[in-house]
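Worksheet: the structure to be examined is printed underneath.
The values are calculated or read from the model by the stated rules, or taken from the named source; none is laboratory data. The structure presented is a predicted model; accordingly, all values stated were derived computationally and were not measured. Note: ideal-geometry Cβ built from the backbone for every residue, glycine included; neighbour counts use all protein chains shown. Please note that ligands, DNA and RNA were not included when accessible areas were found on the heavy atoms of the full protein model with its side chains. Shrake-Rupley method; radii C 1.70, N 1.55, O 1.52, S 1.80 Å.
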Amino acid sequence: MIQKILIANRGEIALRIVRACRELGIKSLAVYSEADVQSLHVQLADEAICIGGPKSADSYLRADRIIAAAEIADVDAIHPGFGFLSENAEFAEQCESCNIKFIGPPAAAIRNMGDKAVAKETVKKAGVPVVPGSDGTVSNEEDAVKIAREIGYPVIIKAVAGGGGRGMRVAHNDISFAKEMRVASNEAEKAFGNGEVYIEKFVENPRHIEFQVLADSHGNVVHLGERDCSIQRRHQKLIEEAPSPFLIANPGLRKAMGDAAINATKAADYENAGTVEFLVDAKGDFYFIEMNTRIQVEHPVTEEVTGIDLIKQQILIANGEKLAFRQEDITFERHAIECRINAEDPARNFTPSPGTIGLYYSPGGHGVRVDSHAYSGYQIPPYYDSMIGKLICYGKTREIAVQRTYRALSEYLIRGIKTTIPLHKAIMQDPVFKEGKATTAYMEDFLNRTPNDMFD
Ligand code: ADP
């Protein structure tokens, strides 16, 4: 039985894992960088060990130091959270070879799904529809242009190692193709140390709809419904909700996509929590784009709709336990919306706004959940991503969830830094969003037609 877990992460997700451990009666060990001494996860975990300097490369990405800390503190398992080492197959292997359980899928599944071209091939064989595109990676520019022409413009050039919307470029003709391919490859080389790219048909104005899955070590696989993450800026999610407004009106499509998500999970020989991501076009045709082999930022909306604690499920699965429910036992009772609260200035092109939070008061009341590591006097270090919390509001219907989100956003008091709160408030009042009509093209359009001073 797992008795102590090292949390190889920081910020709100580290805190979220501390909370799950405490409820399960499991001890938690925080590891932290010198910049995070004052962080809440460090203060609330049972034990804490400093593993290095402020930069991620000197701390949260140092597998050797994390495993050394695990050995010193005698932990049985490591939860990687998201980002950092969470999708690093070598790290998962190193943990297992030191007899420490990695709370996530087996290394082979991380590796296969981590290469997006291999992932597409794998699920395609299991009958899951994928976006038409190149068979695997393309390297030679001349051949690549031919393939792009065959697929038909517009196409999207994507990094096989991609994540967080980086290494992705759209091309509309032969001339822009060569340039965009070079840009995508260079960006991917810099971000992931792997410049390999592949080509896909660019699906116009799609919705991003993803399915949360859970797979135990006994061969049981279930899905926990979908999340609609179409509200994105530069391919990065800003608002997520469950269920998807598009699928509320298309229950048949939901069933087909849920079955496809389960087939993809089985084809990947998957274990633990994962997300199968699809694009859905206006006609209702859907295409697999990738599988994320970790817990995701937006997992709370699924928790609030199903009542299932996903972090606890991850720990129980890692402990070798059978899922305690079957597909037919999972119910979807509510509508939930998550807003990412980032320390960024939406009125000034989303420039990061690190600094010290003077006063911090977060909303509460019926149907409101705040997952955040922020507090009055907290200094936001400039070394990491800008997300300082997530506001999750839920209610019986989508309309209630939208009204509640607006109400909760209006209660926030955060002094000293700029945040995305005014942007979220404007979106909650926008008729296109309220009608549930947003696609991935929404944000660009919304920002173009909304005066900047609305976000001040
Ligand atoms: P990442 O791993 O970097 O997040 P994804 O493959 O998940 O990249 O894609 C992120 C987003 O990029 C999608 O939600 C969608 O908005 C856009 N996108 C990706 N592939 C396509 C495509 N073939 N057509 C249109 N948009 C796409």
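Considering segment 1-92, the qualifying strands (runs of 3 or more DSSP E), each wholly inside and each with 3 or more residues that are hydroxyl-bearing (Ser, Thr, Tyr), run over 27-33.
Of the residues making up segment 132-151, those that are within 12 Å of the ligand (Cβ to nearest atom) and within 11 Å of Phe202 (Cβ to Cβ) number 3. For segment 340-356, a residue qualifies if it is out of contact with any strand residue (DSSP E or B) (no Cβ under 6 Å at 6 or more places or on another chain) and hydrophobic (A, V, I, L, M, F, W, C), and exactly one does: Ala347.
Of all residues in segment 370-381, none are under 23 Å from the mean Cα position of the chain (by Cα), open to solvent by 50 Å² or more (accessible area, probe 1.4 Å) and not assigned by TED's automatic domain parsing to the domain that holds Leu15. Hey, could you check segment 192-232 for residues that are among the basic types (Lys, Arg) and out of contact with any Gly (no Cβ under 9 Å at 6 or more places or on another chain) and say which is nearest to the ligand (Cβ to nearest atom)? Result: Arg207. Only one of the numbered conditions (1) over 17 Å from Glu240 (Cα atoms); (2) within 14 Å of the ligand (Cβ to nearest atom) is violated by Glu277, and that is (1). Put simply, of Glu141, Glu90, Glu121, Glu150 the only residue that is open to solvent by 30 Å² or more (accessible area, probe 1.4 Å), of a type in the set (D, E, K, R) and within 30 Å of Leu15 (Cα to Cα) is Glu90.
So, of the residues in segment 153-177 that are open to solvent by 30 Å² or more (accessible area, probe 1.4 Å), near the ligand (Cβ under 10 Å from one of its atoms) and not small (Gly, Ala, Ser), which turns out to be modelled with the lowest pLDDT? Residue satisfying both the conditions and the ranking: Arg166. Hey, can you tell me all the residues within segment 64-87 that are open to solvent by 20 Å² or more (accessible area, probe 1.4 Å) and in contact with a Phe, Trp or Tyr (Cβ under 6 Å, 6 or more places away or on another chain)? Residue satisfying the conditions is Phe84 alone. Asn292 satisfies every condition listed in (1) within 16 Å of the ligand (Cβ to nearest atom); (2) open to solvent by 50 Å² or more (accessible area, probe 1.4 Å); (3) closer than 29 Å to Arg111 by Cβ except (2).
Would you confirm, using the coordinates I've provided, whether Asp285 is within 16 Å of the ligand (Cβ to nearest atom), open to solvent by 30 Å² or more (accessible area, probe 1.4 Å) and out of contact with any Lys or Arg (no Cβ under 8 Å at 6 or more places or on another chain)? Here the answer is yes, as Asp285 does meet what is asked. For segment 347-368, give me each residue that is in a strand (DSSP E or B) and surrounded by fewer than 19 Cβ atoms within 10 Å (Cβ to Cβ). Thr351, Pro352, Gly355, Thr356, Tyr361, Val368 - these are the residues of segment 347-368 that are in a strand (DSSP E or B) and surrounded by fewer than 19 Cβ atoms within 10 Å (Cβ to Cβ).
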